[in-house]
Amino acid sequence: MTKLEDARIEIVEDKTLSDNWYHLRKVTFDYTSSKGETNRLSREVYDRGNGATILLFDPQRQVVVLVKQFRMPAHVNGHSGWMIEMPAGLLDGDHPEEAIRREAVEETGYEVRDVRFLFECFMSPGAVTERIHFFYAPIDVSHKIEDGGGLDEEHEDIEVLEIPLDEALTMIGTGEICDGKTIMLLHWAALNRDKLAA
């Protein structure tokens, strides 16, 4: 019995189609399947760098800190574009934990202290190179050191939301929360309530 790991990939051409905001590439490669058949294939690959996201949870108030902002890709796909999400951002060359500490303050105003790495994953591996690092941090009102809302120089216009965990979970079912990373972290919180620091 053959295994997919027996397949071979040889890149023939890696062509940049656009490097305007991020990088869009067309990769042509010879794919020799696990059955020994070779075909030349092409795929477009969108490279925007790797990112990090974090679940900020206040165990005393039983609330999660989320952000709301406009996302053009969601808008052009029939959504209003106003997405409720976990705080997140690109690594920009930083270690994932450093990056998410920075993003948490910029977006929510909360300074995180006890940051815990949970897992990492590819969110859309069929087209996007981005690997996201997922974190959790317990917070309380004393950790709020700024207003948040994003950076003016990056034209960020972010609303900070503090929502009870159970209400946020309900918002998945109503469609009010439809961001993948946010759904994943909310479900992690629901499955690990006993691990959420009190």
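Angle of helix 180-191 to the longest C-alpha principal axis of the chain, folded into 0 to 90 degrees and rounded to 10: 60°. Packing-based ranking of 95-105, 61-71, 25-35 yields 95-105, 61-71, 25-35, ordered from highest to lowest mean Cβ neighbour count within 10 Å.
Where only DSSP H runs of four or more residues are counted, the chain gives -6000 deg cm²/dmol as its mean residue ellipticity at 222 nm, each run worth -39500 (n - 2.57). For the chain, the longest principal axis of the C-alpha atoms and the axis of helix 96-108 are separated by about 50°. Partners of residue 68 within straight-line reach, counting aspartates and glutamates whose Cα lies under 13 Å from its Cα and excluding those fewer than 8 residues away in the same chain: 85, 107, 156, 157, 159, 162, 176, 179. Only one of [x] 184; [y] 163; [z] 139 was calculated from the structure for volume of the Cα convex hull per residue in Å³, and its label is [y].
Evaluate E = 1/(1 + (r/R0)^6) for residue 80 and residue 188, where r is the Cβ-Cβ distance and R0 equals 35 Å; express this FRET efficiency to the nearest 0.05. If you can, show how the numbers build up before the last one.
Working: r = 26 Å, r/R0 = 0.75.
Approximately 0.85, to the nearest 0.05.
In a simple Cβ point-charge model (Lys, Arg +1; Asp, Glu -1; nothing else charged), the chain has a dipole of about 920 debye relative to its Cα centre.
Simple spin-label estimate for residue 92 and residue 13 gives 3.6 nm between the two label positions (7 Å along the Cα-to-Cβ direction from each Cα).
Of all lysines in the structure, those lying under 29 Å Cα to Cα from residue 3, and not within fewer than 8 positions of it along the same chain, are 26, 35.
Each value in this text was obtained by applying a stated rule to the coordinates, not by laboratory testing. These figures come from a predicted structure and were not determined experimentally. Using ideal geometry, Cβ is built from the backbone for each residue, glycine included, and neighbour counts are taken over all protein chains shown.
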